[in-house]
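Below is one structure; the comments refer to it alone.
The values are calculated or read from the model by the stated rules, or taken from the named source; none is laboratory data. Source: prediction; values computed, not measured. Glycine also receives a Cβ, built like all others from the backbone with ideal geometry; neighbour counts cover every protein chain displayed.
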Amino acid sequence: MKVAKTNEIEPGQARLVDVQGKRIALFNVDGTFFALDNTYTHRGGPLADGEISGHEVTCPWHGARFDVRTEEVVGPPA
Ligand code: FES
């Protein structure tokens with residue numbers, strides 16, 4: 001299933017896509033693409049709007065940080 005073209009998401013950027021009704025955040029980290037559920041479990045913050053630094057994205061609502069490679073939380077909500 002095609003949801004986006006790789007050249008539509010610049011390195012260090014993210015895009016929100018709909019995959020069969022699920023909201024998925026696609027991240028481009030130096031040309032490698034990662035997909036995460038867009039809705040963070042803390043309070044439902046939109047990860048596609050988060051700031052990306054290296055392999056980490058910061059949830060825009062309360063500042064939790066994730067590793068996009070593993071989906072591991074590397075920093076708790078502020
Ligand atoms: S909803 Fe993202 S840190 Fe709270």
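Reported count of residues in segment 48-75, each being at pLDDT below 95, within 10 Å of the ligand (Cβ to nearest atom) and under 16 Å from LEU26 (Cβ atoms), is 1.
Just for segment 4-18: of the residues that are of a type in the set (Val, Ile, Thr) and either loosely packed, with under 13 Cβ neighbours inside 10 Å or in contact (Cβ under 8 Å) with a residue 24 or more places away in the chain (or both), which one is farthest from the ligand (Cβ to nearest atom)?
By that ranking, first place goes to THR6.
Taking into account only those residues within segment 32-47 that are assigned to a loop (DSSP other than H, G, I, E, B) and near the ligand (Cβ under 9 Å from one of its atoms), which is surrounded by the most Cβ atoms within 10 Å (Cβ to Cβ)?
Of the residues in segment 32-47, the ones assigned to a loop (DSSP other than H, G, I, E, B) are 38, 40-45.
Applying the additional criterion that residues be near the ligand (Cβ under 9 Å from one of its atoms) yields 40-45.
Details: TYR40: 22, THR41: 9, HIS42: 14, ARG43: 11, GLY44: 10, GLY45: 19.
In this case the residue turns out to be TYR40.
Taking the condition touching a strand residue (DSSP E or B) at 6+ places or on another chain (Cβ under 8 Å) and free of Cβ contacts under 8 Å to residues at least 12 places away in the same chain, does GLU56 pass? Criteria not met by GLU56.
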